[in-house]
Each structure stands twice: as structure tokens, then as C-alpha cells.
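Report on the following structure.
The values are calculated or read from the model by the stated rules, or taken from the named source; none is laboratory data. Being a predicted model, the structure only gives us computed values, none of them experimental. When the accessible area is computed, the model is the full protein with side chains, heavy atoms only, and any ligands, DNA or RNA have been set aside. Shrake-Rupley method; radii C 1.70, N 1.55, O 1.52, S 1.80 Å.
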Amino acid sequence: MPAGRFVAHIPEAAEITGWLAQWRKGDTEARDQLFAVIHPQLRQMAARLLHRERVDHTLEPNAVVNELYLRLIGNQPVSYHDRAHFFAIAAQTMRRILVDHARARVADKRGGVQRRVPLSEVDGWSA
């Protein structure tokens, strides 16, 4: 191997399942190790999902993975059956992130940040 070249550790399915089980028991070190090792795979998943989106999309794969991380650690650890179950939930959560982002964008476009005022409060309005 040439000097200065880094070869990423590709974990076995059993290793990932082990980290998931430890995380479920409350081991945050296992959770952090898991996300550090699988980050490239999650980033590839996010890139594939974003590739199907509009060309001028404002999210990048790393932003989607970071949001995924926040959503997954913000909840009680799910009883993931194995590596495949975890990645299926991760993919579903990424799709929800993209949907939430699109909804927020449309809401902003349609004046979603404006405050609604009843007509009775508008000066000069009489019914």
C-alpha cells in the first residue's frame, strides 16, 4: 500500500449488528463508532436519493446524513434487528428529511412565514 493512503474499514454485518445492540443498551460510544464507520455508506445513500431530486436542490448528501444522525440519536434507540433493518430505517428517514425540506420550501414560497391576522383586526375593515 502506498504511503499516506488510507483504506477505510468496511465493517462486517455482525459488527454493525453488535454496535446496534450496544447502542440500544445505552452505549453512546458504540453509537458514535457505528456512525463514524458507516458514514460513507450513508452519504452514498443520500447522494443516490438526491440524484432523483430537482437539479437546483439546496441540500447536500452530508447535510442529509447530519440530519439523519440528529433524528436517530434524538429518539429512543430502535430495536434494530440487524444491519439491513438499520439501513432500511435510515433510508426511510432520509426520504422523510427530503419531504420535510420540500414542504418547508413550498410553505416559504407560499408565504408560510407570514402571520395570519383576522379581518376584524385590520384597520379600516368593516363587515
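Observations, loosely collected:
- Only one of the numbered conditions (1) more than 15 Å from the chain's Cα centre (by Cα); (2) open to solvent by 70 Å² or more (accessible area, probe 1.4 Å); (3) charged (D, E, K, R); (4) at pLDDT below 90 is violated by residue 60, and that is (1).
- Scanning the range 15-52 for residues that are open to solvent by 70 Å² or more (accessible area, probe 1.4 Å), over 22 Å from residue 63 (Cα atoms) and in a helix (DSSP H, G or I) yields a count of 3.
- Residue ID - farthest from residue 36 (Cα to Cα), chosen from residues in the range 63-98 that are modelled with pLDDT under 90 and among the β-branched types (Val, Ile, Thr): 78
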